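Here, each number is a calculation from the coordinates, and none is a lab measurement. Computed from a predicted structure; not experimentally measured. Neighbour counts are summed over all protein chains in view; Cβ atoms, including those assigned to glycine, are modelled from backbone coordinates with ideal geometry.
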Amino acid sequence: MTEDEQINALPIPGAPVQVTKENSTIGIVGFIISLAGFVAFAFPCGVAALICGIIGCQDKNKKHGLAIAAIVIGVIGILIGGMIILKSQMGLRF
């Protein structure tokens, strides 16, 4: 690297620096669990995804997109799992 390239590579003092946030790891875990809940075990996976999503939203230094998706999909999984349980226990038809 030449001297001119080294000088140009340095940030200008006072210039804004773009900082990128990472995804929340627990939010990613919750999202994966929520997707697994649609394949099998809707109710327990929905509860686990909801808990992981809420914990993933607590970290202010990380992105919350997947954690919010885990919360939404987890609630849907809980509702679907609850309807399946009601249907099997009470003989309801949907």
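Relative contact order of segment 22-90, please, whole-number percent, based on alpha carbon pairs below 8 angstrom and at least 6 residues apart. For segment 22-90, the relative contact order is 41 percent.
The H on the amide N of Lys63, modeled in the peptide plane, is under 5 Å from the matching H of Glu22, Asn23, Ser24, each at least 5 residues off or on a different chain. Along segment 25-30 the Karplus relation, 6.51 cos²θ - 1.76 cosθ + 1.60 evaluated at θ = phi - 60°, assigns HN-Hα couplings of 4, 5, x, 5, 4, x Hz to successive residues, with x for each Gly and Pro. Each of the peptides 56-62, 40-46 was scored by the mean count of other Cβ atoms within 10 Å over its residues; in descending order, highest first, they stand as 40-46, 56-62. Using alpha carbons only, the radius of gyration of segment 18-94 set against its Kirkwood radius gives Rg/Rh = 1.15.
Each peptide in 19-25, 77-83, 29-35 was scored by the mean count of other Cβ atoms within 10 Å over its residues; highest first, the order is 29-35, 77-83, 19-25.
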